[in-house]
Amino acid sequence: MGIYDGIGIASTASYSPEKVIEVEDIKEKYGFTSEFCERIGVEQLNVSENEYPTDMAIKAATRAIEKANIDPEEIDLILYSYGAFPEYFIWSGYGRIQHEIGAKNAAALRIDQGCNAQIISLEYACAKIKSNPFVNNVLIVSADVFKEPIVNRWTTHNGSFFGDGASAAIVKRGITSNRILGINNITNGKLNHLWGVPVGGTARPLESSHISQGLFNIDIHRSSSKYLKNEDERKKVVSLIVATNLKTLESLFSKINRKRDDIDKMVMYNVGRHIIQDICSDMEVGIDQTSWNIGKKYGHMGPADIFFNLDKMMDEGSIKAGELVILFSAGTGFSTASAAIEF
């Protein structure tokens, strides 16, 4: 018997805007070499022209509700997340989603843990259903739109390109078609300073000059040059991240009494191919056992990656009954999250 027996994922859904930009078409503009593009491996991105995060979240949520064959009024809880880019600086976007989908009986809140948020939301949803007999249906939904000047989807980070998209899942009591065996989350706060907008908060309130100075944006290169003084320090950070990745997964396997060679599929966040390959090497799985074939077509969509990729993999039939599927993501902070599901 697992800790979450009788609780499962009733449906998943994905949504991406229509406009597609090929990496090959922008590489000259940003001075990308063929070697760099090959290292990242992402071939194209879907880019929003007139949709914002909650617009896309509502579309993904609506699809998930329909696929789960439930009425919106049956939803008891909504867990909303985005990577870092809401429509407004302070705003209850989860309230708009709750209202627009007609989930009038649901409580709604936002889960904030960067790109880990969907896996963390899955754990929260399971725990809520297990502990409260009046909670039966939980909607998990995430979306991100990457817009300048706050973020440049191509150059902010040298480990990935960022695409726009949304995904959702319904976690439901009484589902026995999949078993959520365990969920694990680890945070190592030493790297909390490496990702963020340095102005606009209470420490440095926004001034007009910050815009012209290029400070009102996220730039991992700027943060690295400030906090990591030399190549040795950068290597130590990479080692720390890899160690945290492995610790999260090994701890999960220990909890569920499984081994690495039990893994059939890994649903991962859509970072660059070189990062995916490193994780595959550490976990002794082939890249063809992962969601990379989807990730290279959409890029990194913040926390939406996980259920987006899972939805696409289930639709194409690449996940079979009886398979052990590992969900894995890492987020700013630095933190990692993983979950094990037996389908």
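The values are calculated or read from the model by the stated rules, or taken from the named source; none is laboratory data. Every value quoted in this text rests on a predicted model; they were computed, and no experiment measured them. Neighbour counts are summed over all protein chains in view; Cβ atoms, including those assigned to glycine, are modelled from backbone coordinates with ideal geometry.
Answer yes or no as to whether Leu240 is over 17 Å from Glu148 (Cα atoms), among the aliphatic types (A, V, I, L, M) and within 20 Å of the chain's Cα centre (by Cα). Spell out the reasoning first.
Details: over 17 Å from Glu148 (Cα atoms): yes; among the aliphatic types (A, V, I, L, M): yes; within 20 Å of the chain's Cα centre (by Cα): no.
Criteria not met by Leu240.
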If I go through segment 205-225 residue by residue, how many of them are of a type in the set (D, E, K, R) and either more than 21 Å from Ser160 (Cα to Cα) or touching a Pro at 6+ places or on another chain (Cβ under 7 Å) (or both)? 1
Of all strands (runs of 3 or more DSSP E) fully inside segment 232-343, the set with 2 or more residues that are of a type outside the set (Gly, Ala, Ser) and within 16 Å of Gly165 (Cβ to Cβ) is 265-268
For residues in segment 87-106 being modelled with pLDDT of 95 or more and among the aliphatic types (A, V, I, L, M), which is nearest to the chain's Cα centre (by Cα)? Ile97
If only one of Gly114, Gly83, Gly95 is surrounded by fewer than 21 Cβ atoms within 10 Å (Cβ to Cβ), closer than 29 Å to Trp195 by Cβ, of a type outside the set (Lys, Arg) and in the same structural domain as Ala166 (by TED's automatic domain parsing), which one is it? Gly95
Which condition from (1) over 20 Å from Leu310 (Cβ atoms); (2) touching a residue at least 40 places away in the same chain (Cβ under 8 Å); (3) part of a loop (DSSP other than H, G, I, E, B) is the one that Gly102 breaks? (2)
Scan segment 217-239 residue by residue and report those that are hydrophobic (A, V, I, L, M, F, W, C) and either outside the structural domain of Gly201 (by TED's automatic domain parsing) or under 15 Å from Thr155 (Cα atoms) (or both). Ile218, Ile220
Scan segment 208-242 residue by residue and report those that are surrounded by 13 or more Cβ atoms within 10 Å (Cβ to Cβ) and of a type in the set (A, V, I, L, M). Ile211, Leu215, Ile218, Ile220, Leu228, Val237, Leu240, Ile241, Val242
